[in-house]
Amino acid sequence: MSAFDYRDDRLFVEGVALAEIVDAVGSPCYVYSRRTLVEAYRAFVEALGDQPSLVCYAVKANGNLALLATLADLGAGFDIVSQGELERVLAAGGDPARTVFSGVGKTEAEMRRALEVGIRCFNVESMAELARLDQVAGALGVRAPVSLRVNPDVDAKTHPYIATGLKENKFGIALPEAMACYARARDYPHLAFIGMDCHIGSQLTDLRPFADALDRVLPEIVRLRRAGLALAHVDVGGGLGIRYRDERPPTIGAYVALVLDRLSSYGLEDSELILEPGRALVGAAGLLATRVEYIKDADGKRFAIVDAGMNDLIRPALYGAWQNVIPARRRPGPVREYDVVGPVCESADVFGRGRSLAIEPGDVLAIADAGAYGSAMGSQYNARPRPAEVLVDGARFHVVRERETYDDLMRGERVVRGGL
Ligand SMILES: *Cc1c(COP(=O)(O)O)cnc(C)c1O
């Protein structure tokens, strides 16, 4: 049974009524189900079976410390894209030796910090980055563990903003160039080439692009092995989609089975398999609760104006993403069609158009499946403090991020008056 379900017309998150949470912490707020997160992680681990493997949660999907700590306690590793994410992982008790560092723009300071704490591997995305990492590692007197992120040039068939595996994208190194680089590994005395990785995009709802990418990348690993360079791990990235509306994404089990099947068909099952799921772990584990402030009838068009905005959850505005909008308490009626919009001064500030709802001002709504790329992409645009975040664990709930205050909004700013 889903952790988000109605009992007597009231929406519950595990054992707690959403209305009770909103009464206690205010609106808007993000609410996460611990059980949903744990179950998704366990689905990966179970499907992986005996395969030597490491599930590295992609922190950028949601970096809340309580979620990171939950995953760290379960033995997860992490995939980070900045020093800020590294500091979050460390603060949550995550293990740097189980953490991989992705991203196209790592600074020298970020490289140094990651080397000092003993990062598992750098996923390197360009020749220039490789040269810089060699230098930074040399200066510290260490060897940096490296995996080249290859760009397999496959179409992930997802939204263009979250497709990363085409050669016109900024990500990764073209396969031929990467192969030439592995062959010249000796030119980099302070690097240890231990893996290869690839990540082709996000919210993939079909196995095909994953299979295509593996069929391009894995034969190259076999070639390297024959040439005497045995890589210890294969990192297949993240990208597995979830169901927001009527998509039919593969299950975690089916996705992992495909990867295992491809690994064994190339004789690579003795390599350690690293996965970097983000959305598939946390996406369905969270919702954004928001209160209806006004109902506005404008010449036949009806708006439900809510107290959350595109600054709190930007996916609908940024990607045209569809997310379900459901009431915290079901009313008998009447059902009408609403555009559910926020207060931000942008016409893109729309959570959903033409949604059939029975609502009145003051009602609480839930924007579903907001656990991934929700809070993490939030901003203070329009000088709006970030919402509180709550983790539900069975019959109890905990505030795991306090709502920002107006002082938080202005922290670090100074007034300077000129013309003195
Ligand atoms: C964003 C990202 C992920 C996670 O993607 P999801 O679609 O959330 O699974 C994994 N690896 C890298 C390199 C990424 O940039």
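Every number here is computed from the coordinates shown, using simple stated rules; none is lab data. Small disclaimer: the values here were computed from a predicted structure and weren't measured. Every residue, glycine among them, receives a Cβ derived from its backbone with ideal geometry; neighbour counts consider all protein chains shown.
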Subject >> region 35-53 and region 254-284: distance between their alpha carbon centers, rounded to Å >> reply: 11
Original post:
Cα centroid distance between region 108-134 and region 346-366, in Å?
Top reply: 45
Original post:
Taking region 196-321 as the region of interest, what is the percent of Cα-Cα pairs per 5 angstrom bin, listed from the shortest bin to the one with the maximum distance?
Top reply: 2, 9, 16, 17, 13, 10, 8, 7, 6, 4, 3, 2, 1, 1, 0
**OP:** Take the chain, connect every pair of alpha-carbon atoms lying under 10 Å apart with a spring to form a Gaussian network, then pick out the residue of Gly267, Gly378, Gly342 with the largest mean-square fluctuation.
**Re:** Gly267
Subject >> Peptides 15-28, 144-157 ordered by average Cβ neighbours within 10 Å, highest first >> reply: 144-157, 15-28
Original post:
By its C-alpha gyration tensor, with a ≥ b ≥ c as the square roots of the eigenvalues, how is region 268-420 shaped: rounded for a/c under 1.5, else prolate for a/b larger than b/c, else oblate?
Top reply: oblate
**OP:** Identify which of His199, His398, His233 has the largest mean-square fluctuation in a Gaussian network model of the chain, with springs joining Cα atoms closer than 10 Å.
**Re:** His398
Subject >> Radius of gyration and Dmax over the Cα atoms of region 249-319, both given in Å >> reply: 21.4, 66
**OP:** Determine the calculated [θ] at 222 nm for the chain from helices alone, applying -39500 (n - 2.57) to every DSSP H run no shorter than 4 residues and normalising by the residue count; nearest 500 deg cm²/dmol.
**Re:** -8500 deg cm²/dmol
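Just list whichever of Lys60/Lys170; Lys106/Lys167; Lys157/Lys301; Lys60/Lys296 have alpha carbons separated by over 26 Å in the model shown. Display every interim value, and only then the final one.
Details: Lys60/Lys170 18 Å; Lys106/Lys167 20 Å; Lys157/Lys301 34 Å; Lys60/Lys296 36 Å.
Checking Cα-Cα distances, Lys157/Lys301; Lys60/Lys296 exceed 26 Å.
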**OP:** State, to one decimal in nm², a quarter of the convex hull surface area for the C-alpha atoms of the chain, i.e. the direction-averaged projected area.
**Re:** 24.3
Original post:
Given a Förster radius of 35 Å and the C-beta distance between Met1 and Lys157 as r, what FRET efficiency does 1/(1 + (r/R0)^6) yield to the nearest 0.05?
Top reply: 0.65
Subject >> Loop-located trypsin sites (Lys or Arg not before Pro) in region 1-34, at most 14 other Cβ atoms within 10 Å (DSSP) >> reply: none
**OP:** Mind giving me the nanometre distance, one decimal, between the label points for Ala211 and Ala128, set 7 Å out from Cα along Cα→Cβ?
**Re:** 3.8
**OP:** In whole angstrom, note down how far apart the Cα centers of region 380-406 and region 286-334 are.
**Re:** 18
Subject >> Arg411/Ile326 FRET efficiency (R0 51 Å; Cβ-Cβ; nearest 0.05) >> reply: 0.90
Subject >> Cα Rg, Dmax (largest Cα-Cα span) when computed across region 63-277, Å >> reply: 16.8, 53
Original post:
With the chain treated as a Gaussian network of Cα nodes joined by springs under 10 Å, which of Ser126, Ser356, Ser102 yields the largest mean-square fluctuation?
Top reply: Ser356
